[in-house]
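A short worksheet on the structure shown next.
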């Protein structure tokens with residue numbers, strides 16, 4: 001790499017090709033399981049450590065009154081940090097790109113004895129993309145899972161062939177029209193979503209302007 005990715009994108013020194021990019025809703029569940037709980041002190045410490053003076057603002061954006069609600073709020077915030085990183089990337093890429101970009105958020109939890117613990121964990125979309133569900137017989141995949149896999153694999157094959165994931169019989173996946181989206185929600189419900197809620201996007205931008213980093217942490 002001749003330079004940092006952000007510099008290359010900002011200067012337009014990147015190949016202008018169709019791009020498919022995305023993330024999973026529970027990327028960090030391996031280190032923060034969905035069934036965990038969080039005390040008020042732990043929640044405040046997390047916000048202070050990662051957001052400093054902006055911690056109270058993010059607490060208001062993700063209100064939670066119980067230990068379980070605070071754990072879920074942390075998961076939602078971590079997901080939105082990833083989406084904010086996609087927003088930042090889209091700002092840089094779309095300033096120079098002419099070819100289409102398609103972005104997704106994978107939200108489907110694989111079935112299994114610990115499904116509620118891990119949710120849509122990192123890499124969990126891969127068996128659906130490659131239609132290898134039968135390699136994990138202990139997960140008791142359903143007809144819904146197989147229908148999702150058929151759609152996912154068709155999207156990816158279409159993109160590889162043509163640079164466009166859309167095709168006959170598939171829910172329409174719109175291009176990323178601007179850094180605010182839309183994303184395509186992939187899972188049991190396949191539909192376009194905004195990149196972030198307006199209030200969250202505003203505070204994420206303010207956080208970055210103060211030197212904060214978005215992404216997964």
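Rundown of residues vs (1) in contact with a strand residue (DSSP E or B) (Cβ under 7 Å, 6 or more places away or on another chain); (2) surrounded by fewer than 17 Cβ atoms within 10 Å (Cβ to Cβ); (3) modelled with pLDDT of 95 or more, yes/no style:
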residue: 10; (1), (2), (3): no, yes, no
residue: 13; (1), (2), (3): no, yes, no
residue: 16; (1), (2), (3): no, yes, no
residue: 25; (1), (2), (3): yes, no, yes
residue: 31; (1), (2), (3): no, yes, no
residue: 35; (1), (2), (3): no, yes, no
residue: 38; (1), (2), (3): no, no, no
Conditions (1) out of contact with any strand residue (DSSP E or B) (no Cβ under 7 Å at 6 or more places or on another chain); (2) part of a helix (DSSP H, G or I); (3) in contact (Cβ under 8 Å) with a residue 40 or more places away in the chain; (4) within 25 Å of residue 16 (Cα to Cα) -> residue 203 fails only (4)
Would you mind stating whether residue 65 is closer than 29 Å to residue 215 by Cβ, at pLDDT 95 or above and not in a helix (DSSP H, G or I)? no
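Every residue, every condition in (1) modelled with pLDDT under 95; (2) under 23 Å from residue 28 (Cα atoms), yes or no:
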| position | (1), (2) |
| --- | --- |
| 166 | no, no |
| 172 | no, no |
| 178 | yes, no |
| 183 | no, yes |
| 187 | no, yes |
| 200 | no, yes |
| 204 | no, yes |
| 211 | yes, yes |
| 214 | yes, yes |
Is one or more of the residues making up region 91-112 modelled with pLDDT under 95, touching a helix residue (DSSP H, G or I) at 6+ places or on another chain (Cβ under 9 Å), crowded, with 19+ Cβ neighbours inside 10 Å and within 15 Å of residue 195 (Cβ to Cβ)? yes
For region 149-197, how many residues meet the condition of being exposed (fewer than 15 other Cβ atoms within 10 Å of the Cβ) and part of a helix (DSSP H, G or I)? 5
Within region 115-130, tally of residues that are exposed (fewer than 15 other Cβ atoms within 10 Å of the Cβ) and assigned to a loop (DSSP other than H, G, I, E, B): 2
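The values are calculated or read from the model by the stated rules, or taken from the named source; none is laboratory data. Keep in mind the model is a prediction, meaning the values are calculated, not measured. For neighbour counting, all protein chains shown are included, and Cβ atoms are generated from backbone atoms with ideal geometry for every residue, glycine included.
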